[in-house]
Amino acid sequence: MDFTLNDEQLMFAETARGLFADSCTPDHWRKMMEAGVARDDARWASIVETGLTLVLLPESAGGIGLSETDFALIAREAGYVALPEPLVESAGVAAPMLAALAPDHALLADTMATIAIAHPLNPFVAHADSAAAILLEKDGEAYLATPDQVTLTAQPSIDPFRRLFSVTWDAANATALGKADWDLALDRAALFNAAMGLGLAQRSVDLAVEYAKERQQFGKPIGSYQAVKHHLATAQVAIEFAKPVVAAAAAEISARDVQARARISHAKLVALEAADTAARASIQVHGAMGYSWEVDVHLFLKRALALSQSWGTPAFHRARIATRIFTQPMGPDQTFARETENA
Amino acid sequence: MDLTYTPEQQAFRAEVRAWLEAHGPSEPLEHYDATREGFEAHRTWEKTLKSGDWGMVTWPKEYGGRGLDLIQWLIFEEEYARAGAPGRVSQNGIFLLGPTLIEFGTHEQKQRFLPKMASGEEIWAQAWSEPQAGSDLAGVRATCVQDGDDYILSGHKIWSSRAVFADWAFGLFRTPGTERHKGLSLIFFPLNAPGVTVNAIKKINGHVGFAEIFLENVRVPAFNRLGDEGQGWHICMATAGFERGLMLRSPARYQVAARKLAQLWEANKETADPALEADVVRAHMNADAYALNIYQTASRLMAGAKIGPEASTNKIFWSELDIHLTQTALAILGPTAELTQEASAAGPVDWIDDYIFALAGPIYAGSNEIQRNIIAERMLGLPR
Ligand SMILES: Cc1cc2nc3c(=O)[nH]c(=O)nc-3n(C[C@H](O)[C@H](O)[C@H](O)COP(=O)(O)OP(=O)(O)OC[C@H]3O[C@@H](n4cnc5c(N)ncnc54)[C@H](O)[C@@H]3O)c2cc1C
């Protein structure tokens with residue numbers, strides 16, 4: 001039993017943090033919003049160059065073959081900067097799925113390419129327009145198509161960097177890849193969205209803390225007032241108790257049992273609730289500034305809202321936890337128990 | 001990262017389980033706060049525990065422990081809660097003062113106090129709060145005056161849990177003429193020493209669970225001072241870290257409660273408000289998150305880290321989850337929720353008493369308002 005990260009894992013997260021801190025600043029977002037784009041090729045190139053897109057890809061498909069724990073740390077950093085590009089869905093979900101179906105597929109070697117995924121649980125596909133290809137589902141089988149082989153209808157999201165589309169397509173115009181593990185895709189996406197939620201939440205708190213130290217009212221920084229402090233402390237408590245759930249969910253995902261699924265669902269629920277609590281607290285602490293387009297907090301609010309409802313609604317995830325509770329033993333000796341051991 | 005138990009840890013769990021099955025009381029004991037008999041029954045249980053060498057497993061062997069690590073402690077706590085074994089009447093000693101003594105005490109002090117603490121021979125109360133010094137603990141007025149090799153203690157302490165029946169107290173005293181955080185010392189005194197008067201105070205559940213303590217020129221040897229004179233505040237904050245962050249409320253009790261809540265739900269879901277299932281799920285999630293957090297903290301401490309201000313986040317989380325959990329149970333019980341245990345047909349769990357107990361959580365061990373101040377100022381860096 002050891003619930004700590006090793007140095008290599010911390011180092012990867014550190015690398016991602018540094019890269020995003022330099023390349024994904026509020027200035028960058030603003031320029032992209034003005035230009036109406038959701039992908040910055042230069043930033044994506046640096047992400048690729050650092051190896052972040054290869055972390056979860058197996059070595060047989062040209063990747064580094066690390067674990068979900070490693071990728072979750074990167075996803076958290078992506079959340080901290082509200083990264084516009086679909087690093088999580090492409091490199092964390094779609095590419096590993098493609099690699100499992102077709103490890104030699106040319107797309108996997110095309111470093112600049114992103115892959116979108118149309119999961120049956122989601123009504124829309126994110127970033128389908130800028131993707132080199134889209135993974136599609138029919139009767140449990142996976143198909144691959146390029147955006148121009150399908151019909152995309154834009155479904156504008158409140159999040160300026162989430163480009164959503166409904167997709168209509170015909171299997172005759174797509175490449176069949178065979179039966180795919182859509183449940184694993186869901187688990188990974190839910191887990192990495194949870195990890196992003198931690199990053200979103202912490203950034204919202206950090207922005208508010210910075211502001212509350214500077215902004216003066218009644219002759220004092222507003223951060224010295226308890227009502228302000230307590231909003232942010234409450235958000236931080238939510239973050240602190242989502243963190244270990246995300247870490248455990250990442251470490252256990254490969255067990256693929258009732259407990260592992262419940263923990264992923266738990267992680268997704270609480271991390272995105274923390275992101276929502278933190279973003280709303282942050283807006284409140286910023287006053288009218290927080291309500292202005294100028295100040296960045298709204299990006300974190302909107303991303304949290306979007307991620308909370310995609311890849312399984314809260315009700316969907318709560319039901320998976322209920323299944324764990326009502327079909328598996330509960331109690332203090334069951335924290336790390338497995339379905340198979342109890343069978 | 002490895003979230004599996006080693007074969008040694010599994011064997012340890014089996015050993016604890018077998019021992020508790022063989023030795024645990026067959027009938028629940030009367031509550032230790034209710035009567036002297038209840039208190040003494042718990043003391044006897046502590047002695048039984050010690051006979052199996054389970055008094056406090058993390059302490060070094062020479063001081064009455066087993067020299068085990070924090071993961072083993074968690075396993076012990078899990079099995080203890082799972083077995084439904086009695087509440088620890090010596091909790092203020094073993095969970096708060098004990099770890100503090102191990103960090104700050106001399107070898108002689110550890111030898112003198114720890115083994116008897118682990119065996120229940122001496123049961124400890126915490127005497128910090130005063131009528132004028134609650135949240136603002138640095139406002140302590142009780143005094144300690146050195147007289148040769150002794151201290152003379154005087155003052156008025158209050159809200160001291162279990163002091164009505166306990167043997168010893170660890171108190172916070174001020175050297176006359178000092179102010180606020182400076183000049184405080186942590187000093188032990190026997191609750192039956194000449195000059196000590198202990199008056200019971202009833203809690204809202206009717207138990208004589210706390211006491212006020214009057215000290216009038218109580219003489220104790222300077223040996224009873226932990227750390228240096230004037231170091232009391234620093235030492236108390238370390239104790240508070242153990243209290244809030246790790247030991248006082250081990251996750252296992254909430255996991256047991258969450259399981260019982262799920263059973264209560266299953267037995268009543270035909271008639272109860274269907275919306276409550278979400279709360280039953282939430283109670284499990286909270287207990288589980290708390291357990292994971294504590295496993296992570298234990299791993300970090302074993303890797304050499306120290307408990308910091310994040311202990312305050314724990315205290316808020318466990319106290320709030322306890323209220324939510326017990327409130328959910330009462331909501332499921334509906335119109336029978338108000339019945340006391342004697343009248344209730346709800347089964348073996350005394351939900352109403354658990355709920356009343358839970359309500360104290362946001363007050364003691366530093367109120368949750370104070371914890372939020374600590375988080376804001378020391379974790380987030382907001383100005384005072
Ligand atoms: C069940 C129980 C067991 C206890 N056991 C012990 C024990 O064994 N030994 C012991 O020494 N003490 C014990 N206490 C006392 C406990 O530590 C105090 O109650 C606690 O520190 C609060 O102090 P107070 O009661 O004087 O409340 P006050 O300090 O008067 O606070 C009253 C209210 O004001 C709020 N408040 C006060 N200051 C601030 C501030 N700066 N900012 C925001 N809000 C503030 C508090 O949060 C609280 O809500 C126990 C208390 C309870 C309820």
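Remarks
- Taking all Cα pairs closer than 8 Å and separated by 6 or more residues, the relative contact order of the stretch B:249-379 comes to 30 percent.
- Only the Cβ atoms of Lys and Arg (+1) and of Asp and Glu (-1) were treated as charged; on that basis the dipole of the stretch A:1-149 about its Cα centre amounts to roughly 360 debye.
- Pairwise label distance in nanometres, B:Ile201 with A:Ile158, each label 7 Å out on the Cα-Cβ vector: 4.8
- A:Ala106-A:Glu14 FRET efficiency (beta carbon distance; Förster radius 30 Å; 0.05 resolution): 0.40
- Sequence-separation-based contact order of the stretch B:181-282, relative, with Cα cut under 8 Å and 6+ spacing, percent: 26
- Taking 0.36 nm per residue of separation and subtracting the Cα-Cα distance, full extension of the segment from B:Gln231 to B:Ile102 would add 44.9 nm.
- Value of Rg/Rh across the protein assembly as shown [Cα atoms, Kirkwood radius]: 1.01
- Label zone at A:Asp206 (point 7 Å along Cα-to-Cβ), backbone N below 20 Å, the stretch A:221-245: A:223, A:229, A:231-245
- The calculated FRET efficiency for the pair B:Asp53 and A:Ser254, based on their C-beta separation and a Förster distance of 41 Å, comes to about 0.60.
- Candidates A:Asp27, A:Asp183, A:Asp129, ranked by Gaussian network fluctuation over chain A, Cα under 10 Å, top entry: A:Asp27
- Difference of contour (0.36 nm per residue) and Cα-Cα distance, A:Met33 to A:Glu294: 92.8 nm
- Accessible heavy-atom area order of B:Asp353, A:Asp7, B:Asp322, highest first, probe of 1.4 Å: A:Asp7, B:Asp353, B:Asp322
- Measuring with a 1.4 angstrom probe and ignoring ligands and nucleic acids, A:Lys138 comes out at about 90 Å² accessible.
- Residue by residue, the stretch A:291-302 carries 3J(HN,Hα) couplings of 8, 9, 4, 4, 8, 7, 4, 4, 4, 6, 4, 5 Hz when phi is fed to the Karplus relation 6.51 cos²θ - 1.76 cosθ + 1.60 (θ = phi - 60°); x denotes Gly or Pro.
- Distance-filtered residues of the stretch B:353-370 - backbone nitrogen under 16 Å, label point 7 angstrom along B:Arg384 Cα→Cβ: B:370
- Computed on the stretch A:241-343, with alpha-carbon pairs under 8 angstrom and 6+ residues apart, the relative contact order is 32 percent.
- Annotation: per residue accessible area for the stretch B:125-230 equals 43 Å², rounded to a whole number [probe 1.4 Å, protein chains only].
- Value of [θ]222 nm, deg cm²/dmol, for chain B, DSSP H segments ≥ 4, -39500 (n - 2.57) each, nearest 500: -14000 deg cm²/dmol
- Extension reserve of the A:Lys138-A:Asp22 stretch, reckoned as 0.36 nm per residue once the Cα distance is removed: 37.7 nm
- Inter-label distance for B:His156 and A:Gln216, nm, one decimal - labels placed 7 Å from Cα along Cα-to-Cβ: 4.3
- A simple spin-label model places pseudo-atoms 7 Å from Cα toward Cβ; at B:His181 and B:Ala305 they are separated by 2.3 nm.
- Top of A:Pro156, A:Pro84, A:Pro26 by mean-square fluctuation, Gaussian network on chain A, Cα under 10 Å: A:Pro156
- Anisotropy class of the stretch B:1-42 from Cα gyration tensor, a/c 1.5 cut: prolate
- Counting only DSSP H runs of at least 4 residues, each contributing -39500 (n - 2.57), and dividing by the residue count of chain A, the helix-based mean residue ellipticity at 222 nm comes to -17000 deg cm²/dmol.
- FRET efficiency for B:Ser135 and B:Tyr5, using Cβ-Cβ distance with R0 set to 60 Å, rounded to 0.05: 0.90
- Sorted on the mean count of surrounding Cβ atoms within 10 Å across their residues, most packed first, peptides A:217-230, B:288-301 read B:288-301, A:217-230.
The values are calculated or read from the model by the stated rules, or taken from the named source; none is laboratory data. Note that the coordinates shown come from a computational prediction; the quantities given were computed from them, not determined experimentally. As a convention, Cβ positions derive from the backbone with ideal geometry for all residues, glycine included, and neighbour counts pool all protein chains shown. In case anyone asks, the SASA skips ligands and DNA or RNA and just uses the protein heavy atoms, side chains included. Shrake-Rupley method; radii C 1.70, N 1.55, O 1.52, S 1.80 Å.
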